[in-house]
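I have placed the structure first, in the form of structure tokens, so that the comments after it can refer back to it.
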Amino acid sequence: MRITRYAAAVAAAGVVLAGCSSEAGSQAEDAAGGGNEVAEDVSFDAGTTMAELNEAGSITVGTKYDQPGFGLLNPDGTPEGFDVEIAKIIAGELGIAAEGIEWTETVSANREPFIQNGQVDIVVATYTINDTRKQVVDFAGPYYEAGQDIMVAAGNPEGIAGPEDLAGKTVCSVEGSTPAQNIRDNYPEANLVTYDVYSKCADDLANGNVQAVTTDNVILTGLVAGNPEGFELVGNPFTEEPYGIGLAKGDDEFRAFINDVLEASFEDGRWAEAWDRTAGAITGEPAPEPPTLDRY
């Protein structure tokens, strides 16, 4: 699917991106009750993470700050996006209002350390579930299925149609991400450069320093929406990227709780509503079918 469709949807919705607050974010804020319905009179077994968070009345959530549609910092200093709304749903079922969420920026390379060190309670940050990461953290979910794709300059002057065409090209991604590792492992003839955030890759593409940017399609869609005259999406996903909620290794009760919350949100429509207010407002696409939870 060419990004021109997305750009048209963004223009029609009046969405303003590239570091600014979006209509998607405003809709999410206006509909905060839908995304953060706070459960009342909830109780949890003593000693569980759920009980501790409920008693504290707060939760620390790691998320991205530079990804339109999923996690983007708006001018008032709070993040907005689909990941943010998923975190609000989880917090609400713990009896915690949106005001009780402490947001912490996580980039791809620090998500595991932040969980391991207790700097965050959960990470909701376009966080692909994979076996390597499962060695040090646990995951609930997935709550969304993405796929790795490629973003190029408008008009695709290099004629890049897929990852095989990256040979000899300078390609940008983010350190610590599964897309970057995939390029290293499977497309070594590409000249890979990495940063800590994708917005720097977008800047390099705009300046002609790289010929392509690669990461998950939904992340790239948000970047293209911020500069539809400068970028386009190749539109040929070549991996499967199941997004999960990262949490401390071995906290089985908390993982089961989050999975139960996700499943309930799939069934009662809160998940689809969160999508429509955020990522859906950018892509112009209705909410997809929710993925199947992996209760490993």
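Can you tell me how segment 45-134 classifies by the Cα gyration tensor, rounded, prolate or oblate, using a/c under 1.5 as the rounded cut? Judged from the Cα gyration tensor, segment 45-134 comes out oblate (a/c at least 1.5, b/c at or above a/b). Label positions at Q119 and E289, each projected 7 Å from the Cα along the C-beta direction, are separated by 3.9 nm. Whole-percent P(r), segment 164-296, all Cα pairs, 5 Å bins from 0: 2, 9, 16, 18, 16, 15, 12, 8, 4, 1.
Under the simplified labelling scheme, the E175-E229 pair shows an inter-label distance of 3.5 nm, with each label point 7 Å from Cα along Cα→Cβ.
Using alpha carbons only, the radius of gyration of segment 73-114 set against its Kirkwood radius gives Rg/Rh = 0.99. When the Cα atoms of segment 140-223 are aligned to their principal axes, the ranges along those axes come out at 40, 26, 23 Å in descending order. The alpha-carbon of K200 sits under 14 angstrom from the alpha-carbons of these aspartates and glutamates, leaving out residues fewer than 8 places away in its chain: D66, E175.
Placing pseudo-labels 7 Å out from each Cα toward the beta carbon at A109 and T78 gives an inter-label distance of 3.1 nm. Computed on segment 33-153, with alpha-carbon pairs under 8 angstrom and 6+ residues apart, the relative contact order is 29 percent. If I take every Cα pair under 8 Å that is 6 or more residues apart in the chain, average their sequence separation and divide by the length, what percent do I get for the relative contact order? Relative contact order comes out at 28 percent. Segment 254-293 to segment 72-102: how many Å between their Cα centroids? Computed from Cα coordinates, the inter-centre distance equals 15 Å. Pairwise alpha-carbon distances in segment 97-162 exceed 14 Å for 68% of all pairs. Annotation: peptides 43-49, 58-64, 210-216, 233-239, ranked by per-residue average of other Cβ atoms within 10 Å with the highest first, follow the order 210-216, 58-64, 233-239, 43-49. Taking 0.36 nm per residue of separation and subtracting the Cα-Cα distance, full extension of the segment from E267 to V42 would add 79.0 nm.
At a Förster distance of 22 Å, what's the computed FRET efficiency of T132 paired with E164, Cβ-Cβ distance as r, to 0.05?
E(calc), rounded to 0.05, equals 0.35.
Per-peptide packing, taken as the mean over residues of other Cβ atoms within 10 Å, places 79-91, 266-278 in the sequence 79-91, 266-278 from highest down.
None of the figures in this text is laboratory data; all of them are computed from the coordinates on show. Given the structure is predicted, the values throughout are model-derived calculations rather than measurements. For neighbour counting, all protein chains shown are included, and Cβ atoms are generated from backbone atoms with ideal geometry for every residue, glycine included.
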